[in-house]
Amino acid sequence: MGVVNVTPDSFSDGGLYLDANAAIGHGVKLLRDGAAILDVGGESTRPGAAAVDVDEEVARTRPVVEGLVGTGAEVSIDTSKLAVAEAALDAGASIVNDVTALRGDPEIGALCAERGVGLILMHMQGTPRTMQANPAYDDVVDDVKAFLAERMEVAVSAGVEEERIWLDPGIGFGKTLEHNMELLRRLPELRELGRPLVVGASRKSFIGKVDGSEAGDRIGGTIASSVLAFAGGADVLRVHDVIEMAQALEVAGAILG
Ligand code: HH2
């Protein structure tokens, strides 16, 4: 899954693709580089990010979704707002990636059910504004697992077919370095939920906490984390640097057989 951020303030590529044509061009490049899905987002979820007005988020994302769907791409919309999800599905997106797991706009569940599209439910402790203040868990893997099981039940009650749900531990969302490491290390335990796993470690700050690197200089750390996640059972890797990741995955897949 290649990331297309149509934002001025995303933590690693904010402002690069705010113009719709630039975002579409970037998405087309990611497809050529080997992405199977493009994740289009119009609001940064980095710690402390400013909230974006719903009309602005629709205006940022809808033309980009439309343009990319027009090239034949499978597109997911990274949003927790009903109107943004609806506009993107109208424009041809086929997956809603909700980092609040239906806690922001619960109606997204019914929308996905009605349209028969995919739904990604991600774990986050707190909100983007506060999540890194003091993350705490009894056992991070057990707690994330219980949360995802509960949110999956909520989605199914809203009418979403279980087969259309994907789950994501939410690397970097209300987690310390050790929480992130433990989730990546113990990813196979989340397989027990029986649904495909999405993992987004790309360029995140936990990598910088290990080696001191800045966000734009974390490809090696992204690949290490993502390949280990793949070996641990991840089905979808959400990354910014698709060409490097595609090669790493092809080789890792060939070795693992
Ligand atoms: N991470 C980010 C955004 N959306 N969605 C899922 N399912 N999983 C993730 O790990 C995830 C996500 C944060 O990365 P990015 O979009 O690059 O940054 P920003 O939120 O600053 O735009």
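No lab work stands behind these numbers, since they all come straight from the coordinates. Just so it is clear, the model here is predicted, and its values are computed rather than measured. Positions of Cβ are generated from backbone atoms using ideal geometry, with glycine treated the same way; all protein chains shown enter the neighbour counts.
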Hey, ALA110 buried (at least 17 other Cβ atoms within 10 Å of the Cβ) and outside any strand (DSSP E or B) or not:
no
Can you name the number of the only condition in (1) of a type in the set (Lys, Arg); (2) crowded, with 22+ Cβ neighbours inside 10 Å; (3) in contact with a strand residue (DSSP E or B) (Cβ under 6 Å, 6 or more places away or on another chain) that ARG164 fails?
(2)
For SER12, state whether it is within 16 Å of the ligand (Cβ to nearest atom) and either of a type outside the set (S, T, N, Q) or touching a residue at least 40 places away in the same chain (Cβ under 8 Å) (or both).
yes
Filter result for the condition that a residue is more than 29 Å from LEU30 (Cα to Cα) and within 16 Å of the ligand (Cβ to nearest atom), over PHE147, PHE206, PHE230:
PHE147
From VAL58, VAL84, VAL40, which residue is in a helix (DSSP H, G or I) and within 16 Å of LEU18 (Cα to Cα)?
VAL58
Log entry, pairs with first residue in region 51-66 being without any contact (Cβ under 8 Å) to a residue 24 or more places away in the chain and closer than 14 Å to ASP105 by Cβ, second being among the β-branched types (Val, Ile, Thr) and assigned to a helix (DSSP H, G or I), beta carbons closer than 6 Å, six or more apart or on different chains, reads none
Among the numbered conditions (1) in contact (Cβ under 8 Å) with a residue 60 or more places away in the chain; (2) not in a helix (DSSP H, G or I), tell me where GLY216 comes up short.
(2)
